[in-house]
1. Yes or no: Ile257 under 19 Å from Leu172 (Cα atoms), surrounded by 14 or more Cβ atoms within 10 Å (Cβ to Cβ) and touching a Ser or Thr at 6+ places or on another chain (Cβ under 6 Å)?
2. With the condition being in contact (Cβ under 8 Å) with a residue 60 or more places away in the chain and of a type in the set (Gly, Ala, Ser), I'd like the strands (runs of 3 or more DSSP E) fully within the stretch 117-227 carrying at least 2 qualifying residues.
3. Given Ile215, Ile267, Ile174, Ile189, which one is touching a helix residue (DSSP H, G or I) at 6+ places or on another chain (Cβ under 6 Å), aliphatic (A, V, I, L, M) and over 24 Å from Gln102 (Cα atoms)?
4. Return the pair list, or none, for Cβ contacts closer than 6 Å from residues in the stretch 96-107 that are farther than 16 Å from His183 by Cα to residues that are modelled with pLDDT of 95 or more and of a type in the set (A, V, I, L, M, F, W, C), at least 6 apart or on different chains.
5. Which members of the stretch 292-317 meet the condition of being in contact (Cβ under 8 Å) with a residue 12 or more places away in the chain, hydrophobic (A, V, I, L, M, F, W, C) and over 19 Å from Ile130 (Cβ atoms)?
6. Could you give me the residue pairs with C-beta distances under 8 Å whose first residue belongs to the stretch 237-248 and is under 21 Å from Phe284 (Cα atoms) and assigned to a helix (DSSP H, G or I), whose second residue is among the small types (Gly, Ala, Ser) and at pLDDT 95 or above wherever it lies, and which are 6+ apart or on separate chains?
7. Please indicate, with yes or no, whether at least one residue in the stretch 255-272 is in contact (Cβ under 8 Å) with a residue 40 or more places away in the chain, of a type in the set (A, V, I, L, M, F, W, C) and in a helix (DSSP H, G or I).
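The values are calculated or read from the model by the stated rules, or taken from the named source; none is laboratory data. Quick caveat: nothing in here was measured; it's all calculated off a predicted structure. Quick reminder, even Gly has a Cβ in these numbers, built from the backbone with ideal geometry, and neighbours come from all protein chains shown.
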Amino acid sequence: MRTDAEYFQIASVVEKAVRGNMGTMGAVRETVAVVVDNATYEIGADAHMISTTQNTSKSVSDFWYDTIQYQALKQLVIDRLAEESEDEEEKWVVTLGIAVNQYKRPQIRKQLADIWKRAHETSDGKQLLIDTVMVVPEPLGAYTSFIAKDEDKYKGLRIMVLDPGYRTTDWLEIRDGKVIDRHADAINIGMFDVYNEIARRINIDHDASMDIVAIEQAVLLDREMRVRGNDIKVKEYYGAAVKAVGAKIESRIRTEIGAANETDLVIVAGGGADSMFDSVKKSFKKHTVEICENPQEANAVGYWLMSNRVAQRHAAA
């Protein structure tokens, strides 16, 4: 396994490219094309531009792994790994993170492992073999990347990872790499609820239904949004929405986790870490609460570290 590859990050928005869309007319969309079952799909921040409906591109459920959207994202990973492979005989190690409440269900873990651990075909017909698959709860990635900077410093400490994501807010308490089951769960509140709340408030004020993905991109990339040519103050809507959704997360954390008196340190990671950091701090007023370096990437970095360790053991065997 080649480890020091360029980091690749892309929005998980998937739409089918159909005949009759506007293709690359004008500026090129920020998407990557993949082929699944002889059909082409576009993946990336601008994929929602070719959607025939609103707010459909990033829906996630227990059946997510059976959807064409997930198959397209998987194909993108396969194609990316093939670009980095030295030959078709190379065997890859892959780590997959899923929500804690899904991880607790063995059938989902097995389903994911079965989907990935096999020989795959790239969009251009090459072969790629994934030999080892590890399915882990998402916050374990952030924990792994967080302690990697000084493992001795955090040895023996009980560290609670709070991971506000797109659809869920997950938490996991870990000591020396071992999960403490009593503090491992998730609630179905996340950044989607923030963007949905923004859309709701815009609809009330401007009588306009806005696309959730477009709102997300406006927030993340500090883009302007307009309704009928009039500017919308997205930052003001965003602040109000974060406050409303953050209060719900704060309340649920206090109810579900409690005082957490045995926890030594609380760290915050994930796509909503910056937005929900204050709410997490309010939930743990007596604890030290830190935000991970590059919190949106912390889980992915941790998965890479896990895969790299296994790959190195395989190489040494």
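1. Values: under 19 Å from Leu172 (Cα atoms): yes; surrounded by 14 or more Cβ atoms within 10 Å (Cβ to Cβ): yes; touching a Ser or Thr at 6+ places or on another chain (Cβ under 6 Å): no.
Judged against the criteria, Ile257 is not a match.
2. Details: elements: 119-121, 127-137, 158-164, 169-175, 178-187, 225-227.
Output list reads 178-187.
3. On the way: Ile267 fails: over 24 Å from Gln102 (Cα atoms); Ile174 fails: over 24 Å from Gln102 (Cα atoms); Ile189 fails: over 24 Å from Gln102 (Cα atoms).
Answer to the check: Ile215.
4. Note: pairs meeting the criteria are Leu96/Val135; Gly97/Val136.
5. Within the stretch 292-317, Cys292, Ala298, Val301 qualify.
6. Val242/Ser275; Gly246/Ser275; Gly246/Ser279; Ala247/Ser279
7. So the first thing to find is which residues in the stretch 255-272 are in contact (Cβ under 8 Å) with a residue 40 or more places away in the chain, and the list is 256-257, 260, 262-272.
Applying the additional criterion that residues be of a type in the set (A, V, I, L, M, F, W, C) yields 257, 260, 265-269.
Then drop every residue that is not in a helix (DSSP H, G or I), which leaves none.
Taking every residue of the stretch 255-272 in turn, none turns out to be in contact (Cβ under 8 Å) with a residue 40 or more places away in the chain, of a type in the set (A, V, I, L, M, F, W, C) and in a helix (DSSP H, G or I).
Every residue, every condition in (1) under 26 Å from Lys153 (Cα atoms); (2) in contact with a strand residue (DSSP E or B) (Cβ under 8 Å, 6 or more places away or on another chain), yes or no:
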{"site": "Val234", "(1), (2)": "no, yes"}
{"site": "Gly239", "(1), (2)": "no, no"}
{"site": "Val242", "(1), (2)": "no, no"}
{"site": "Ile257", "(1), (2)": "yes, yes"}
{"site": "Gly270", "(1), (2)": "yes, yes"}
{"site": "Phe284", "(1), (2)": "yes, yes"}
